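The values are calculated or read from the model by the stated rules, or taken from the named source; none is laboratory data. Values in this document were obtained by computation on a predicted structure and should not be read as measured data. Cβ placement follows ideal geometry from the backbone for every residue including glycine, while neighbour counts extend to all protein chains displayed.
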């Protein structure tokens, strides 16, 4: 029986590419069936992460390539603590891009206000109001999706990369506290067991919270592994 797998992605193209990589074959070697695509979406749900499911089946006579059994060396990347500051004119352009979008956006919802600020590393957008909480989603998934949209808007016609952080109704502060408490708890686990701990995939901003929390520890060290958006922090004993 021909091998069949189901893969997910934000788009059908992304899902198919993941499937081809897993099967280690070219596109002409598989039959592809879209199982779930985008349905009609509400004003708020359009900001939620989209998932497309694709079924991929090897055609008759095609076999899956086996991976070579070679030892893999894990590449460890230490998170950078500081980012190169933006030029003043680029920062101003990014803010203008955001303000133009947000002014129109908040006019379409009830009782919502926005604020745009910045420091030498990030541009910060804050949303507050009656409907703002609907934009957070489960564990901040909708918030992170909207942050990605705002980041793309901020970077229009800006030469350097603008890094943006969106906060809604104080969610980030609560999330930061939860992550710091998690870092402390896992530090104790690492010290007691001597085994390293791998956290779930996080955004660069959240990974930095973990790194900063433990950077002065004399007992453990932290580093990041993997590629975005699945990059993870590892806490290990020194």
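Observations, loosely collected:
- Put simply, of 5, 34 the only residue that is over 26 Å from residue 155 (Cβ atoms), surrounded by fewer than 16 Cβ atoms within 10 Å (Cβ to Cβ) and modelled with pLDDT of 85 or more is 5.
- So residue 186, is it in a helix (DSSP H, G or I), outside the structural domain of residue 126 (by TED's automatic domain parsing) and crowded, with 16+ Cβ neighbours inside 10 Å: yes
- Filter result (exposed (fewer than 14 other Cβ atoms within 10 Å of the Cβ) and under 26 Å from residue 140 (Cα atoms)) within the range 204-216: 215
- Of 229, 201, all but one fail to be surrounded by fewer than 17 Cβ atoms within 10 Å (Cβ to Cβ), in contact with a strand residue (DSSP E or B) (Cβ under 8 Å, 6 or more places away or on another chain) and in a loop (DSSP other than H, G, I, E, B); the exception is 201.
Here's the yes/no breakdown for (1) outside any helix (DSSP H, G or I); (2) in the same structural domain as residue 178 (by TED's automatic domain parsing); (3) at pLDDT 90 or above:
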residue	(1), (2), (3)
92	no, no, yes
97	no, no, yes
120	yes, no, no
125	yes, no, yes
141	no, no, no
146	no, no, yes
153	no, no, yes
158	yes, no, no
